[in-house]
Amino acid sequence: MKRRNFIKTISTASIAAAVTKPTIALVKNSQSKKMIKPARLKNGDIIGLVTPGSYITEQEKEESINNLRSLGFNVTYTDRLMQKNGYFSATDKERASDLNEMFERKDIQGIMCARGGYGCARILPFLDYELIEKNPKPLIGFSDVTALQYAIFKNTGLITFHGPVSISTFSSFSNKN
């Protein structure tokens, strides 16, 4: 990673951390939940693609699908994936509905964020934590997706995964078992 990109990433993460502090009040109880480890993903599993923050372009959608297929997964998404609401992919409630739907659907084994973005923290009040706890699945992403991961873990005990977003560059190193 180039130094300029690293500094930009660290700056963005610092801003996101400052912005997400008020959302900590969303935690339902102060007691820790029992940890829930989701089932391991395997070849042929269906990954639900979501955009909980920033929008993606048609080209980025196609790259995302190709990236996940190259890893041996099938991909699905809702009509909300390609919406655009200013900087965001959809309204806060629509982005949360998309994530809630992916957790609820029995045909989906994992969820990957296409990208992060400041809007991830804004959807926390609209997530259905009981639904998520009853339907544990791997949630994968990084950057501002960390706000989702922290809130989901704190409210449900579900272990999520800090990993690439679907528009990341996948190389032979990424694909190594």
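Taking amide H atoms as placed 1.01 Å from N in the peptide plane, list the residues 5 or more away in sequence, or in a different chain, whose amide H sits under 5 Å from that of residue 36.
Here the answer is 158, 159, since their amide H atoms fall under 5 Å of that of residue 36.
Could you compute the FRET efficiency for residue 169 and residue 107, with r as their C-beta to C-beta distance and R0 at 25 Å, rounded to 0.05?
Values: r = 29 Å, r/R0 = 1.14.
So, using R0 = 25 Å, E works out to roughly 0.30.
Over region 43-177, average the accessible area per residue using a 1.4 Å probe and give it in Å², no decimals. If you can, show how the numbers build up before the last one.
Details: 6120 Å² over 135 residues.
About 45 Å² of surface per residue is accessible.
Test of the criteria: in region 78-115, which chymotrypsin sites (Phe, Trp or Tyr not before Pro) are in a DSSP loop and have at most 16 other Cβ atoms within 10 angstrom of their Cβ? Display every interim value, and only then the final one.
On the way: sites: 87, 88, 103; in loops: 87.
Here the sparse-neighbourhood loop sites are 87.
Which of the trypsin sites (Lys or Arg not before Pro) across region 45-136 are loop residues per DSSP, with 14 or fewer other Cβ within 10 Å? Walk me through the numbers before you get to the answer.
On the way: sites: 61, 69, 80, 84, 93, 95, 105, 106, 115, 122, 134; in loops: 84, 105, 106, 115.
Taking region 45-136 and a limit of 14 other Cβ atoms within 10 Å, the loop trypsin sites (Lys or Arg not before Pro) found are 84, 106.
Rg to Rh ratio, region 34-177, alpha-carbon atoms and Kirkwood radius? Please list the in-between numbers first.
Numbers: Rg = 13.8 Å, Rh = 14.8 Å.
We get a ratio of 0.93 for region 34-177.
Taking the Cα of residue 43, stepping 7 Å toward and past its beta carbon, and measuring to each backbone N in region 135-177: which are under 15 Å?
Only 175-177 pass the distance filter.
Rounded to the nearest percent, how much of the accessible area of region 32-177 (1.4 Å probe, protein heavy atoms only) is carbon and sulfur?
On the way: 3710 of 7260 Å².
Roughly 51 percent of what the probe reaches on region 32-177 is carbon or sulfur.
With a sphere of radius 12 Å drawn around the Cβ of residue 158, what net charge do the other residues whose Cβ falls strictly inside it have (Lys, Arg +1; Asp, Glu -1)? Could the numbers behind the result be given before it?
Values: positive: 33, 34, 37, 134, 137, 154; negative: 130, 133.
Net of charged neighbours comes to +4.
In whole Hz, with x marking every Gly and Pro, tabulate ³J(HN,Hα) for region 76-88 from phi via Karplus 6.51 cos²θ - 1.76 cosθ + 1.60, θ = phi - 60°.
Running phi through 6.51 cos²θ - 1.76 cosθ + 1.60 with θ = phi - 60° gives 9, 7, 9, 5, 6, 4, 9, 6, 9, 10, x, 6, 8 Hz.
Checking the table 42/84; 34/106; 42/134; 61/134; 37/106 against a 26 Å threshold on Cα-Cα, which pairs fail? Show your work: numbers first, answer last.
On the way: 42/84 32 Å; 34/106 23 Å; 42/134 21 Å; 61/134 29 Å; 37/106 17 Å.
Beyond 26 Å: 42/84; 61/134.
The values are calculated or read from the model by the stated rules, or taken from the named source; none is laboratory data. Just so it is clear, the structure is predicted and the values come from calculations on it, not from any experiment. Every residue, glycine among them, receives a Cβ derived from its backbone with ideal geometry; neighbour counts consider all protein chains shown. To get the accessible areas, we keep the full protein, side chains included, count just its heavy atoms, and leave off ligands, DNA and RNA. Shrake-Rupley method; radii C 1.70, N 1.55, O 1.52, S 1.80 Å.
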